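The structure appears below as structure tokens.
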Amino acid sequence: MLKNYFITLFVVLFSSYGMADWNLVNSQSSLNFVSVKKSKVGEVHRFSQLSGTIKDSGQSNVKIDLSSVETNIAIRNERMISMLFDTVTFPDAMISGKIPLSQVAQLEAGDTFVSTLKLSLSLHGNTRELSSRANITKLTDNRILVTSVAPIIIKAEDYTLAEGVEALRAVAKLTSISTAVPVTFSLLFSKQ
């Protein structure tokens with residue numbers, strides 16, 4: 001009787017552990033993008049508020065709070081929030097895809113493999129499919145790190161953002177702002 005109790009308890013505990021979501025650790029994650037103005041001046045920007053999960057199935061979702069854009073210039077942050085992203089109407093962007101957790105489970109702590117991730121980016125009322133090669137590192141049994149191997153190029157016109165880019169160019173009195181933007185990421189997920 002007591003043996004059955006412990007077996008049942010073990011199964012319940014193990015099952016709840018195995019079924020727990022992996023949660024994104026915002027303070028140790030980053031999503032950066034590069035803007036190029038006047039054809040030759042590149043600047044790195046980031047979003048400071050990310051959240052997300054990876055389900056046991058490997059299905060992952062990362063939400064980007066677009067109002068958390070950080071360009072290191074306050075007025076530029078405000079202009080991007082209102083003129084480009086229109087966060088009143090479109091407060092967030094969402095990236096979804098699938099992480100191969102079965103491969104992660106076979107790794108030793110500290111091991112890495114490269115995987116081609118099929119992603120979906122929903123931004124400004126538009127959704128497009130993307131592909132990204134990513135390093136997936138098993139830091140511990142409860143922590144994994146997913147980082148881009150190379151930048152993903154996001155085109156403003158694919159997300160009806162070209163007019164916003166033009167509005168930013170005009171207000172800043174610049175000769176040009178690139179509408180193709182390289183994006184990189186480093187996302188740490190933790191499982192309790």
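The values are calculated or read from the model by the stated rules, or taken from the named source; none is laboratory data. This is a predicted model, so every value here is computed, not measured. Every residue, glycine among them, receives a Cβ derived from its backbone with ideal geometry; neighbour counts consider all protein chains shown.
Can you pull out the residues in region 27-69 that are outside any helix (DSSP H, G or I), without any contact (Cβ under 8 Å) to a residue 40 or more places away in the chain and over 25 Å from Arg143 (Cβ atoms)?
Lys40, Val41, Gly42, Glu43, Val44, His45, Val69
Need the failing condition index for Asp56 against (1) at pLDDT 95 or above; (2) more than 12 Å from the chain's Cα centre (by Cα); (3) over 30 Å from Ala172 (Cα atoms), just the number.
Of the numbered conditions (1) at pLDDT 95 or above; (2) more than 12 Å from the chain's Cα centre (by Cα); (3) over 30 Å from Ala172 (Cα atoms), the odd one out for Asp56 is (1).
Scan Thr184, Thr137 and give me the residue that is under 19 Å from Gln28 (Cα atoms) and within 14 Å of the chain's Cα centre (by Cα).
On the way: Thr137 fails: within 14 Å of the chain's Cα centre (by Cα).
None of the other options fit; the residue is Thr184.
With respect to Ala156, is the statement that it is at pLDDT 95 or above and surrounded by fewer than 16 Cβ atoms within 10 Å (Cβ to Cβ) true? Show your work before the answer.
Values: at pLDDT 95 or above: yes; surrounded by fewer than 16 Cβ atoms within 10 Å (Cβ to Cβ): no.
So Ala156 does not fit the description; no.
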